[in-house]
1. Compute the projected area of the convex hull of the Cα atoms of the chain, averaged over all viewing directions, and report it in nm² to one decimal place.
2. So what's the back-of-envelope 222 nm ellipticity for the chain, counting only DSSP H runs of four-plus at -39500 (n - 2.57) apiece and dividing by all residues, rounded to 500?
3. How large is ³J(HN,Hα) for each residue in the range 219-225, as worked out from phi by the Karplus curve 6.51 cos²θ - 1.76 cosθ + 1.60 (θ = phi - 60°), to whole Hz, x for Gly and Pro?
4. In a Gaussian network model over the chain where Cα atoms closer than 10 Å are linked, find which of Gln299, Gln392, Gln288 has the largest mean-square fluctuation.
5. Would you list which aspartates and glutamates come within 15 Å of Lys158, measuring only between C-alpha atoms, while excluding same-chain residues fewer than 8 positions from it?
6. Does the range 72-227 come out rounded, prolate or oblate by the C-alpha gyration tensor, with a ≥ b ≥ c the root eigenvalues, rounded set by a/c under 1.5 and, if not, prolate when a/b is larger than b/c and oblate if not?
7. Given Lys303/Lys367; Lys43/Lys80; Lys113/Lys237; Lys237/Lys289; Lys83/Lys113, which pairs have Cα atoms separated by over 24 Å?
8. Just to confirm a number: summing +1 for Lys and Arg and -1 for Asp and Glu over residues other than Ala308 whose beta-carbon lies under 13 angstrom from that of Ala308, what do you get?
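None of the figures in this text is laboratory data; all of them are computed from the coordinates on show. Everything numeric here is computed off the predicted structure, so don't read it as measured data. As a convention, Cβ positions derive from the backbone with ideal geometry for all residues, glycine included, and neighbour counts pool all protein chains shown.
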Amino acid sequence: MLQPRLGSHAAEDNPNCTLVVPQNPLSAKGLATPYQLVATDPKQGPCHEANAGQSAFVQGAAFDPATGQISIYNPLVVDKGNKPALAPVVPQLPANAIVGLWFGFNAGTLTLKGNGDALQQGKCVNGLPDDAFGQFAYCNAPAFFQAANQAIQQGKLKVPALGRAHDGLPCPTVRDFSVVDQDQSDNVTSTYLTTNDGTVAQMNQANALKLQGAQLIANASDNRLVSIALDNALGCKPWTAPDLADPGQMTTALPLNELMAAADQAAPAAIIPNGDPMVLHNDKPNMQKLNLYRVGVDQPMVKRADEASTRLYCTSLLAAAPQRMLTDARVTTHQASPDTGAANNLFTFLAQRFNTTWGADGGLNCKGLLNTDTPITLKQDSNGVTINATIQGIKLTMPMDCSVNGVLISGCQGTTTINGVTCTFAMDNKTRRVLINCPQPGQGKDDK
C-alpha cells in the first residue's frame with residue numbers, strides 16, 4: 001500500500017557512490033549483513049541511502065539444486081557507520097544453495113568495494129577493473145544462471161507462460177523492443193523502508209507494521225517498469241518467487257525477469273548492443289565489457305562486434321516501440337508515471353524514455369545511425385516534465401478481442417467451448433478476419 005519514491009537525481013547531489021560489500025556475501029550471514037553506502041569522493045558531497053536520488057539496492061536469488069526452485073532475498077543498504085532501523089531477517093538458505101546478487105543505483109556510478117576479500121568471495125563484477133558499468137553490478141550471477149538454465153532444460157524449474165496482454169499482444173519482457181531503452185536490463189526490483197530520521201529497513205510486512213509512517217524507496221529500473229508498471233497496466237503477471245525476508249509472500253526479481261525473457265521472448269529479442277552506454281570503454285565499444293555485462297543478465301556472449309549491432313537494435317526499436325506505445329495509449333495515459341519528475345503518466349514516461357534512447361546525449365544515437373528523426377514529439381512543462389506526446393507516421397491498428405458467451409478471448413487467439421465442442425480462434429492479420437474452427441464430433445483435429 002506504500003507508494004515508492006523514485007526521486008530524480010538532483011544537480012547538487014553526489015552522483016558517484018561506493019557500496020561496501022560485507023564478508024562472505026553469498027552466505028546467509030553475509031546476506032543479512034547490511035551493505036554500507038559512502039561517497040566515492042567525499043569532496044563531491046555525501047551519499048545517503050534515504051535520499052531517493054542516491055539510493056543503492058541489492059537483490060539476491062538462491063537456487064536450490066535439490067528441488068530446482070528459486071527464492072529471493074533483498075539484502076539491506078545503510079549509510080556507512082549507521083545501523084538499520086530494524087535488524088534484517090537472516091534467510092534460511094537451502095542446502096548447497098547457489099546464490100546470485102545484482103545491484104542497482106538511482107544516481108550515476110556505483111562502485112563496489114569489498115570488506116577484506118569480499119569481492120573475491122562473491123565473484124563480484126563491477127565492469128572492467130578501471131571502468132564500472134555505471135548503475136549496475138553483480139556477484140556470482142553466471143553460476144546462478146547456469147544452474148537455473150540447466151534445471152529448466154531438465155524440467156525441474158518451470159518458467160511461467162508469458163501470456164497475452166489486454167491489447168492482444170504477448171505480454172512484454174525485459175527483452176521486448178516495445179519497452180527496452182538504451183541501457184536495458186539494468187537495476188533491480190528491490191524496495192526498502194526509510195524512516196523520518198533517515199534510517200533504513202528491509203521492506204516486509206512485519207517492518208511496515210512496526211515502522212508506521214515509513215516511506216518506500218525503490219530502484220528506478222527497467223525491471224520494475226516491466227514487472228510492476230507495464231504488467232499492471234496491461235493485465236500481465238510477472239514471474240514471482242518466495243521472499244525469504246517476508247515469509248509467505250512472493251516477489252519479483254531481475255533474475256526471474258531475465259530467465260523468463262530468455263525462454264519466452266519472440267524474435268527479434270532485444271539484447272545489449274555494443275553501443276550501450278554501460279558497456280562503452282573510453283566512449284568506444286569494448287567486447288570484453290559488453291560480454292561481462294551480458295553474462296551477468298543471462299544474455300548470449302558474442303565474438304564479433306557485428307553480432308551486437310547498435311544499428312540493428314535501433315531498427316528493431318523503431319519498428320516495435322512507437323506502434324505498441326500508440327496502441328496502448330488508451331490504457332497507459334491513465335496509469336501513474338514511474339517517475340513523476342520525468343513525466344506525468346506512463347504513456348508520456350515511455351515517450352520521453354524513447355526519445356532519450358534515440359538521441360546522442362546519453363542514448364544510442366539511433367538518429368545518427370539510421371539518419372532518421374524520432375517519430376515522437378514531446379510537450380514539456382516549465383519544470384521539464386513531459387506532459388504530452390504525439391507519435392507521427394505510425395498507423396494505429398487497434399487490437400481486437402472476441403467474446404463468446406461471456407468468455408473473453410484476448411486478441412481472438414485461443415480456444416473456448418461452444419455447445420460442448422472445443423473451438424479454436426485465430427486472427428488472420430492480413431484480412432483482419434477471425435478464423436473459427438469447431439470440429440464436429442468424430443472428426444479429427446485437422447478436419448474443418
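1. Result: 24.5 nm².
2. Per the formula, -6000 deg cm²/dmol.
3. Taking θ as phi minus 60°, the curve returns 7, 6, 10, 4, 5, 5, 4 Hz for the range 219-225.
4. Gln392
5. Excluding near neighbours in sequence, the set is Asp64, Glu258, Asp264.
6. It comes out rounded by the Cα gyration axes.
7. Correct reply: Lys303/Lys367; Lys113/Lys237; Lys237/Lys289.
8. Charge balance in the 13 Å sphere: +2.
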